[in-house]
Amino acid sequence: MSESPAVQKRHDQDSRSLSNRKGNIRTALVGNPNSGKTAIFNVMTGLNQKVSNYPGITVEKKHGYCSLSSGQRIELIDLPGTYSLTPESFDERIVAEQFLHWIHGENPPDVIISVVDASNLNRNLYLTSQLTDLGIPVVVALNMMDRARRKDRRIDMSELKSRFGLAAVVPMTATNREGFDELKSAIIQAGQSPAPDSSSLPFAIPLKPAEQLLPVADFFEKSVGYSSRLAWAQALRLVARSSVYDLYASSTLNGARLNRDQLGDLNSLRETAIQNLNGEDLDPQSLEASLRYQWVDTQLEESRERILEALHGTSRSETVDNILTHRWSGPLIFVSLLYFIFQSIFTWATVPMHWIEAGFSALANGTLNIMPPGMVRSLLVEGVIGGVGSIMVFLPQILILVFFLTLMEDSGYMSRVAFMLDRFMTKIGLHGKSVLPLMSGYACAIPAVMATRTINSWKERLNTILIIPLMSCSARLPVYALMIGAFIPQKKVMGIFSLQGLTLIGMYFLGTGTAIIMAKIFSKYIKARGESSFVMELPPYRMPLMRSVIRQVYIRGKAFVTNAGKIILAISIVLWFLATFPRTDPGDMPANSNPIHTSFAGKIGHTIEPVIEPLGFDWKIGIGLITSFAAREVLVSTMATIYNVQESGEGAVNLTEAMRNDTDPQTGLPRYSPLVAISLMVFFVYAAQCMATFAIVKNETNSWKWPLFMMAYMTGLAYVASLVVYQGGQLLGFG
Amino acid sequence: MRRLKRYRKRLRRNRGSRSRVTSTSYSDGATDTRIANITQLSPGDTAVIRSTAGNKELKARLLEMGLLPGTLFRFIKSAPFQGPVILKIRDYYVSIRWADAANIEVEIAP
């Protein structure tokens, strides 16, 4: 094995130096899941990344800057949480991959901020000690000091600093914004301080395993140019998990560091080492973990008494869990909670919805009064205000839904739901960790699909992704709400339940129930890669921080409004043109007919009408089905625009009234019945109408196969289910 | 009828696993330590991890999270129908699937 000058050179070139970076200090936040990296990131950068009380809420890399009074800037990278540098799930792989890039001299940070949960030292410091192997100064942000203090846990900061070879230890509580000034000055100082000792690992590897690992460590040191400490650390990891070798392999494929020959050498060295270790009855997987944990435990000098005391102390969380995760009351509470949330979406939102409706109606009438009649006024009132306004009405409902979901996550309840449902989830081919993605699917499929990254088995992750779009997302809510509000009578069932609320819950149940069935079916056909397991930390319950809950609700609300502002506005305008042109002189029209039929939109709608007629849909809904492919809620604005153009010049149309009063010109009967409304809602429960979801599924599964499959199965389901509902309903004499 | 069969099967399985709980006396004879797997513990039991068998990935994951041989922990509870178990270990609570926990052999502290 010869020395590789190219690798060596690049390594030197990119080595850490402050002067050539224009005063920017590059830092990376690394830590265990749920240790508070993102909370620190948000306070430092003033950005609004999602923080929560659920392990693994950050599943991608995020960048931000923090300006200092000196004019310098701290660049921050927020990485997903991980327990170690030997990755298992996809989000952990992101961190390990990032590390390999740094090791190989690709933009390494000047300082690593290791975020440590002070109330849980040993496990957090295990990762910290791995970080110090890199030869980059490490600042420990000792977060959640409030919790450690409450547990009466005393920590000697200077001991910690010297024993672990850290640049600084900063006690802080990110949620109270405590300790940030200290952290910033520690980062500045660390940026100028020397790197940690890189001559050897802090712990000794016993002779026998060391002998077997020597060739691997030698290879890393001589051929790749690692420091001695890093070489041994990587050797330990390489034999522990095959994923570490895979990282080397994929980084080669991406045109970087190791060439093919070197990679081949590495693989054969690895296999020999594993074989020899096994031959000596030494377990290669547990080597690093046991040596390092032993070392960490020794450094912390915890007495058996303290450990036992800590184990037997019943925390508040445990007391709460006696009820919330109790074998019988636990699931019962969960189901009632869901019912409460969906019921409140309908009841609490009514008042603000009326305000918004009244506001837009006043706006439309005002515009009608101010502007002279003509094309521009018509476009504004019928296209813009009518289209966008019809969607904005549903903002309160979406905010309420997001509010409750955020509360469940931030309080720490969501991981308990994963615990309670893992058994059921595995029965249907999913995973306990599928619960959070599926629940967030009620808000929006896009973050939900990304959240599946924490599921460590590919089969269950893919299965979860495939059924997420069946969870009724908030974009369907406007469609359901419109149809229910217009066609489902306001009656009470059994005295207490409102029929409208029950219908809504029914739609959610239909989607969720079908998701369960589909998951069971898919699990029979998706091939497994590796075995599945469920190990999940249950974070302590925490009073949700209103600041962060409100921020989360605000972010979703803003996204919804901007979405309405962009896609819906654009589609409403285009649609207005299509529905208005070509203009036909009303004199040339047969009586009882409207020029909209001969417009472009009318022609398109009438063309597809035969296909959707068996489902009970007419040409107007047909246009809506096409436009709603951009986003589901567009159906509502489409219907609004069409009715506005149809009733042109008579002020803003109330969509609910318009749909209720729409009559078939030939028969004189109402065009839409409750049966049509249900058929349409069922169609929307299943139909694959969201471009953005397909883009993200393509991205996450890295193929076209799965998004196309998803589209096919969902469209098929939608058509068949609606057909059954409408035709079956007619046979039974409804509608 | 089928349900009865299934019930009998479960009963047999349970009996089988119980019998694996063996008593060992150490040379000093003073302490009596029971060896079991995690799923056989009762709520409130304190035990020490002895070894982890089975799935490689799982083993590595458990080690990284600090579930090493020699580590003390307390068994909190398990979800019904052989759902996951909850342990308190190293100042935190962790939930492990029943089948995975069955691979972890422990020694119950006297």
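Distance from the C-alpha centroid of segment A:350-395 to that of segment A:645-696: 18 Å, rounded to the whole angstrom. Residues A:S119, A:S572 in ascending order of nearby Cβ atoms (within 10 Å, fewest first): A:S119, A:S572.
For chain A, the longest principal axis of the Cα atoms and the long axis of helix A:228-240 meet at an angle of about 60 degrees. Axis angle, to the nearest 10 degrees, between helix A:413-427 and the longest C-alpha principal axis of chain A: 80 degrees. The reciprocal of the average 1/r between distinct C-alpha atoms defines the Kirkwood hydrodynamic radius, which for segment A:386-506 equals 16.0 Å. Need the list of lysines near A:K222 for cross-linking: C-alpha distance under 23 angstrom, and skip anything on the same chain fewer than eight residues off. Reachable lysines: A:K9, A:K208.
Helix-only arithmetic for chain A: the sum of -39500 (n - 2.57) across DSSP H runs with n ≥ 4, divided by the residue total, places the mean residue ellipticity at 222 nm at -18500 deg cm²/dmol.
Suppose R0 equals 60 Å; then what is the FRET efficiency for A:L545 and A:A204 from their Cβ-Cβ distance, rounded to the nearest 0.05? Result of the calculation: an efficiency of 0.85.
Prolate is the label for segment A:210-291, because the ratio a/c of its alpha-carbon gyration tensor axes (a ≥ b ≥ c) is 1.5 or higher and a/b is greater than b/c.
Here the protein assembly as shown is treated with +1 on each Lys and Arg Cβ and -1 on each Asp and Glu Cβ, and its dipole about the Cα centre works out to around 2080 debye. Give me the Kirkwood hydrodynamic radius of the protein assembly as shown in Å, from all C-alpha pairs, to one decimal place? One over the average 1/r among Cα pairs gives 30.0 Å for the protein assembly as shown.
The simple spin-label model puts a point 7 Å past each Cα toward its Cβ; for A:I555 and A:T663 those points are separated by 5.2 nm. Placing R0 at 56 angstrom, the Cβ-Cβ distance between A:H606 and A:L332 gives a FRET efficiency of 0.60 after rounding to 0.05.
Note: relative contact order over segment A:364-495, using C-alpha pairs below 8 Å and six or more positions apart, is 18 percent. Label sites at A:I370 and A:D218, each approximated as a point 7 angstrom past Cα along Cα to Cβ, lie 8.3 nm apart. Take the Cβ-Cβ distance between A:S67 and A:M157 as r, set R0 to 25 Å, and report the resulting FRET efficiency rounded to the nearest 0.05. So the FRET efficiency works out to roughly 0.35. The separation of segment A:278-339 from segment A:176-209, counted between C-alpha centres, amounts to 27 Å. As I understand it, the value is the acute angle between the Cα axis of helix A:691-701 and the longest principal axis of the Cα atoms of chain A; what does it come to in degrees, rounded to 10? Between helix and principal axis, roughly 30 degrees. Spatial offset of segment A:34-60 relative to segment A:90-109 amounts to 19 Å, using the alpha carbon center of each. The residue among A:L368, A:W355, A:M420 whose Cα reaches farthest toward the positive pole of the charge dipole of segment A:335-451, with charges on the beta-carbon of Lys, Arg, Asp and Glu, is A:M420.
Bear in mind these aren't lab numbers, they're just calculated from the coordinates by the rules spelled out. The structure displayed is predicted, hence computed values, not measured ones. Every residue, glycine among them, receives a Cβ derived from its backbone with ideal geometry; neighbour counts consider all protein chains shown.
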